[in-house]
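Taking it in order: structure first as structure tokens, then the write-up.
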Amino acid sequence: MSSIKTITEKVDANQRLSFDEGVELFKSHDIVAVGRMANRLRERLNGNKAYYNVNRHINYTNVCVIDCQLCQGAYARKPGEDGGYTMLLNDVFRFAEQEYTDSLTEFHIVGGLNPSLPFSYYTDLLKGLKERFPGVHLKAFTMVELDFFVKVSKKPLEWVIDELRNAGLGSCPGGGAEIFAERVRPLIAGHKISGARWLEVAGAVHRAGVRSNATMLYGHLETVEERVDHLVRLRELQDETGGFNCFIPLAFHPEHTVLAHLPATSGMDDLKVIAVSRLMLDNFPHIKAYWVTLTPSLAQIALKFGADDLDGTIIEERIIHGAGTPTSKGMTRTTIEQLIRDAGREPVERDTLYNPVQRVSEFV
Ligand code: V47
């Protein structure tokens, strides 16, 4: 078994950590040592920069045929159930117009698996948004949605990805990964696609030249070994394709879900997940501290524990707010930049693909 000292020496020598070392890091109570190690690697990769973007979320439907314990009731509704909604395309465009400002660079678009929508809904949605907002990057559809589109269209996955890209898809968000391990995945994600399928779809997306993100939902029924397994599987795919931009650990919010009896994650665990993710995912360019699940204060501290990105300004995130996260629904650029500066980091507004955004005007 490696000690924290041996692991530190490996990290400093730029050597890859093993599965067992990942487990060892999760089991350590020395959060300061683990955090310092992750911070050194983060500074080697990203210097003093901390990234954010100006984005808005569009959740086009909450109707979903999957019986995920983590989402049903909190956000998702079964077809025909009270509280379900599906936006007509014109409603999507009207909503986007309301949300749009000159400083917006990304729409983050995800929804439930709604069997009443034809595949053309998704391509028309992208085309309609691209026509109206040609300068805004469309980060749309998780691997779970892409797999569903294959079933809806009855066409190969590669065809689905091509059609979406031709319609304006810029990249894909990292949702739906949950936790890959076969034991625990069905306990939180019902009949959602397997971890192996999620990775297969992500591989096809990357091979088509489209970049994507990856997430891990933690703080429910998973073991630390299952967390490390998730990270190692992502690291292996990234070795193969290089198509992941960023990794986002998502702290589980149990409120309003069928897992409401579970305790919320602790600050120690949240910071440890950020740090261990940074250390294990040595081939991921960015680690995002998602302020919506962590709270802005903890996300700020995470910038010293391995994270280099805070996600965006977001107004109206529905999925995790549906499960009771206490954070506000949006932040201004000024607030995000201040959080970053107060952490001693240099704020960099980025676009979805991490190119710096140059602003000529004052904050909007
Ligand atoms: O896949 C669902 C998670 C994800 C809960 O790619 C929950 O840039 C906590 O993927 N408590 C959607 N989490 C969000 C997501 C995301 C967020 C920000 C940026 C990016 C990106 C992606 O939210 C779902 C699921 O894993 N989730 N319910 C809950 N109760």
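A few comments on the model shown:
- Net charge of the neighbourhood of Asn114, taken over other residues with C-beta under 11 Å away and scored Lys/Arg +1, Asp/Glu -1, is +1.
- Cysteines in the chain lacking a second Cys C-beta under 4.7 Å: Cys64, Cys172, Cys246
- Packing order of peptides 114-122, 209-217, highest average first: 209-217, 114-122 (average count of other Cβ atoms within 10 Å over each peptide's residues).
- Distance between modelled label sites at Lys78 and Glu158, nm, 7 Å Cα→Cβ extension: 3.9
- The Cα atoms of the range 52-201 give a gyration tensor whose axes a ≥ b ≥ c have a/c of 1.5 or more with a/b greater than b/c, which makes the shape prolate.
- Estimated at 0.36 nm per residue, the fully extended path between Arg44 and Leu88 surpasses their Cα-Cα distance by 11.2 nm.
- Packing around the peptides 91-98, 249-256, 39-46, taken as the average count of other Cβ atoms within 10 Å per residue, puts them in this order, highest first: 249-256, 39-46, 91-98.
- Once the C-beta distance of Ser194 and Thr332 is scaled by a Förster radius of 56 Å, the resulting FRET efficiency is 0.90 to the nearest 0.05.
- Measuring against 24 Å, Cα to Cα, the residue pairs Lys49/Lys272; Lys155/Lys192; Lys5/Lys288 contain Lys5/Lys288 as the ones spanning a longer distance.
- Prolate/oblate/rounded label for the range 177-298 (Cα gyration tensor, a/c 1.5): oblate
- Relative contact order %, the range 4-349, counting alpha carbon pairs below 8 Å whose residues are six or more apart: 23
- Local electrostatic count at Ala196 - Lys and Arg +1, Asp and Glu -1, tallied over other residues with Cβ under 9 Å: 0
- Taking the three principal axes of the alpha carbon atoms in the range 268-349, the coordinate ranges are 32, 28, 22 Å, sorted in descending order.
- Helices in the chain, meaning DSSP H runs of at least 4 residues, each add -39500 (n - 2.57). Divided by all residues, the mean residue ellipticity at 222 nm is -12500 deg cm²/dmol.
- What the Cβ-Cβ distance of Asp20 and Val65 gives, at R0 = 41 Å and to the nearest 0.05, is a FRET efficiency of 0.55.
- Angstrom value of the Kirkwood radius, inverse mean 1/r, which spans all Cα pairs in the range 201-246: 11.4
- Taking a Cβ cut-off of under 12 Å around Gln15, the surrounding Lys, Arg, Asp and Glu residues balance to a net charge of -2, with basic ones at +1 and acidic ones at -1.
- Estimated distance in nm for a label pair at Thr241 and Glu346, the labels positioned 7 Å out from Cα along Cα-to-Cβ: 3.2
- Accessible surface of the range 135-238, 1.4 Å probe, proportion on carbon and sulfur as whole %: 54
- Three-way shape call for the range 224-364 based on the alpha-carbon gyration tensor, with the a/c threshold at 1.5: oblate
- Two-decimal ratio, the chain, of alpha-carbon radius of gyration to 2.2 N^0.38 Å: 0.94
- Using R0 = 41 Å, the C-beta based FRET efficiency linking Asp102 and Ser3 works out to 0.15.
The values are calculated or read from the model by the stated rules, or taken from the named source; none is laboratory data. A quick note: this is a predicted structure, and the numbers were derived from the prediction, not measured. No Cβ is skipped: glycine too gets one built from the backbone with ideal geometry, and neighbour counts run over all protein chains shown. Heads up: the accessible areas ignore ligands, DNA and RNA and are worked out on the full protein's heavy atoms, side chains in. Shrake-Rupley method; radii C 1.70, N 1.55, O 1.52, S 1.80 Å.
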